[in-house]
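Asks: Below are the structure tokens for one structure; questions will follow.
Every number in this text was worked out from the coordinates using simple rules, so none of it is lab data. All values derive from a computational prediction rather than experimental measurement. Glycine also receives a Cβ, built like all others from the backbone with ideal geometry; neighbour counts cover every protein chain displayed.
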Amino acid sequence: MVKKDFNFFEGLNLFNNKSGKKSYNGILIIAGILGVMFLASLIPASISVNEKLGAQGVLTINEDVTTRLNISINSSLAGITKQNVSEVNITLPGSFTFTANSNYTTNGTAPYEDSRNATFNLNSSTLLLWTNTTNGFMTNGSNTTLGFNITAANPGNYTINITYKLFNDVTENNTYINITVNDTTAPRVVFFNSQNPVAYANLSVREIIVNVSANDTFSAIGSFNISLLFPNGSLANNTLHKGALLEVNDSVRVNFTGIHLTDGQYIINVSNVSDNAYLRGFGSNNTNMTGIQRNVTIDLTAPTVTVVKSSSSTAHQIVLDVTITDATSGIVGKQCTASGGGVDGVTISGTGGSQTATQTGLGCNTAYIYTLTCLDYSGNSGSKQVTVNTDTCSSGGSSDGGTGGSGSDVVGSASSSFWILTYNEATTDLNGDTDGVSVNLDERYRVKVKVDTELYYVGVTETTDTTADINVTTTAEDKEATLNVGDVKKFDVNADNKYDVAVTLNGIDSATGKADLSVVYIQEPVSAEDQVGVTEGAGETPTTPEKAKSKAWIWVIVVLVALAIVWAIFSGKKQSRRKNYGF
């Protein structure tokens, strides 16, 4: 293809071209853009094109709007021999769409009526062709307008290429029209990313993370307006994020944090997401006014838990009434958990603000420690620990329960009435608890423990400022020891010639006199000294200082009675002697 030095709008004078002089006397053809007509109004807008095409402004249309394009050609110039135009080709950009049957030619006096002798063909979806190879369709210096309707789908800067041929000439003469298609579509997709809290999330931190994205097909994302609102719509926090300016898909991550984010509900609001069409020369910026929202709750306050012993408790059953309150995220449908108590598990019934904890199979007149733990929907944990006694034993009953008055669930002095209160730490086997049991015991208080599934007791009979007398029930007998602060005493509780339990006196509370004891599981051979004998029979009440004193008085009385008897016998013999030997 030979491209001649041709100015489409200023004019073409083939008399200045040597080869042209040989073929033709001369022809001047001027083509220009005279107007753009919108389909809706069918009124063309006027665009003046007077200079070289490369130096003038471009034709501007909007995306997705059908536009009528008129190209006027003037082949008349006085004093020049005219030639007919036999062919005009107009090539549209690939994203443009030609409206079927919208093509026309006119002599300028009757717009939009096909009055010229030209055949139109659509050689492809974007190649428009007007031809008359017999005589030409623009003759004797006539003016002709070629018109058609187009729709541009995509914003951008484009070129419409135009070529024409003179009658009986194969030479193609070229020119073009620059055209800009404006972006008139706002960012079409605005969405929360996975890093955001889920909708209606309950958070236990004073931080709300917002990660949001927007997509625009052609123009770069310009800005996001991200706000944090209170439920009444007032502003808690706000930020305007500028986009990357060159990215059609852009994301922004914002952290709202601070002490002003108190417990309560909040609304994440993303609005006024704009593109930056102006940056690329695609018209004015466009804004998505719809926006998106998401509700979240901040709750850093633990639920309040209240536990009260129910009147339905008995000597062998404890029932606890549990009340839970939470002002923010709530506890509706949530169920608490319970730990501690007796061997059997604790049953929880109910959900929400009013629940019941029940445990059966307990010993009478025994203290049990329970911990109730409740969670709200933000994961805050509220706990309450209580010590609750079962009801007193009935006549002939065991002080720590079981199945009968003999205390058959334990060994040793389990059924003794000497003990005032028994703490239960036998919910788990001592040999499976590396931490053992720590307890503060007053005089005549004891703790129940489990070793190899059997139940035993460690009690305090008397304390001083620095010592504690302890009593340990075993399979064979009660064993006693006096411990100074810091002493450790080992006991074989199941008569297998191995120490099973070690008791440490950690200290004595100077205010209450309570002994701080640690009881742990051990397995060590019994020393020869501890194999010598027993001190008391199994099931007997442990010896106390008061009882030792009472036994001493008995011996004093026995001695006095014996002396009285001896004195009486001796006196009787003397009197008899006198009677026999009274001379």
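Asks: At 7 Å along the Cα-to-beta-carbon direction for both Thr371 and Thr97, put a label point, then send me their distance in nm to one decimal.
Replies: 7.1
Asks: Treat each spin label as a single point 7 Å out from the Cα along the C-beta direction, and report the Ala502 to Thr467 distance in nm.
Replies: With each label point 7 Å from Cα toward Cβ, the separation is 2.3 nm.
Asks: So, in nm, how far is label Thr133 from label Ala481 when the simple model puts each one 7 Å beyond its Cα toward the Cβ?
Replies: 12.2
Asks: Just want the ordering: Asp469, Asp530, Asp216, from fewest to most Cβ atoms lying within 10 Å of their own Cβ.
Replies: Numbers: Asp469 20, Asp530 13, Asp216 26.
Listing Asp469, Asp530, Asp216 from fewest to most nearby Cβ atoms yields Asp530, Asp469, Asp216.
Asks: Okay, moving on. Between the alpha-carbon centers of region 141-201 and region 225-299, tell me the distance in whole angstrom.
Replies: Measuring centre to centre over Cα atoms gives 32 Å.
Asks: Under 8 Å for C-alpha pairs, at least 6 residues apart: give me the relative contact order for region 442-517, rounded to a whole percent.
Replies: Answer for region 442-517 is 24 percent.
Asks: If you take the charge dipole of region 421-544 about its Cα centre, with +1 on Lys and Arg Cβ and -1 on Asp and Glu Cβ, which of Val451, Ala528, Phe491 is farthest toward its positive end?
Replies: Final value for the positive-end residue is Val451.
Asks: Subtracting the Cα-Cα distance from 0.36 nm times the residue separation, let me have the gained length for Thr287 to Asn178 in nm, one decimal.
Replies: Additional length available on full extension: 36.5 nm.
Asks: Continuing with this model, one more query. From the backbone phi of region 358-375, what are the Karplus-calculated ³J(HN,Hα) couplings (6.51 cos²θ - 1.76 cosθ + 1.60, θ = phi - 60°) in whole Hz, Gly and Pro given as x?
Replies: 10, 9, 10, x, 9, x, 6, 6, 10, 8, 10, 9, 10, 10, 9, 10, 10, 10
Asks: Still on this structure, please answer the following. Given the pairs Lys334/Lys448; Lys448/Lys479; Lys309/Lys479; Lys479/Lys514, which span a C-alpha to C-alpha distance of over 27 angstrom in this model?
Replies: Numbers: Lys334/Lys448 33 Å; Lys448/Lys479 15 Å; Lys309/Lys479 36 Å; Lys479/Lys514 20 Å.
Flagged as over cut-off: Lys334/Lys448; Lys309/Lys479.
Asks: Ala327: net charge of surrounding residues, Cβ under 12 Å, Lys/Arg +1, Asp/Glu -1, itself excluded?
Replies: Once all neighbours under 12 Å are counted, the net charge is -4.
Asks: Defining a contact as two alpha carbons under 8 Å apart and six or more residues distant in sequence, what relative contact order in percent does region 304-389 show?
Replies: 32
Asks: When only DSSP loop residues count, what chymotrypsin sites (Phe, Trp or Tyr not before Pro) in region 251-344 have their Cβ near at most 12 other Cβ atoms within 10 Å?
Replies: none
Asks: Between Ala327 and Ser510, take the C-beta separation as r, use R0 = 45 Å, and let me know the FRET efficiency to the nearest 0.05.
Replies: About 0.60, to the nearest 0.05.
Asks: If you don't mind, there's one more thing I want to ask. To make sure I understand, if each residue's beta carbon is the centre and we count other beta carbons within 10 Å, what order do Lys489, Lys479 fall in, fewest to most?
Replies: Sorted ascending by nearby Cβ count, the order is Lys489, Lys479.
Asks: What is the order of Ser329, Ser213, fewest Cβ neighbours within 10 Å to most?
Replies: Ascending number of Cβ neighbours within 10 Å: Ser213, Ser329.
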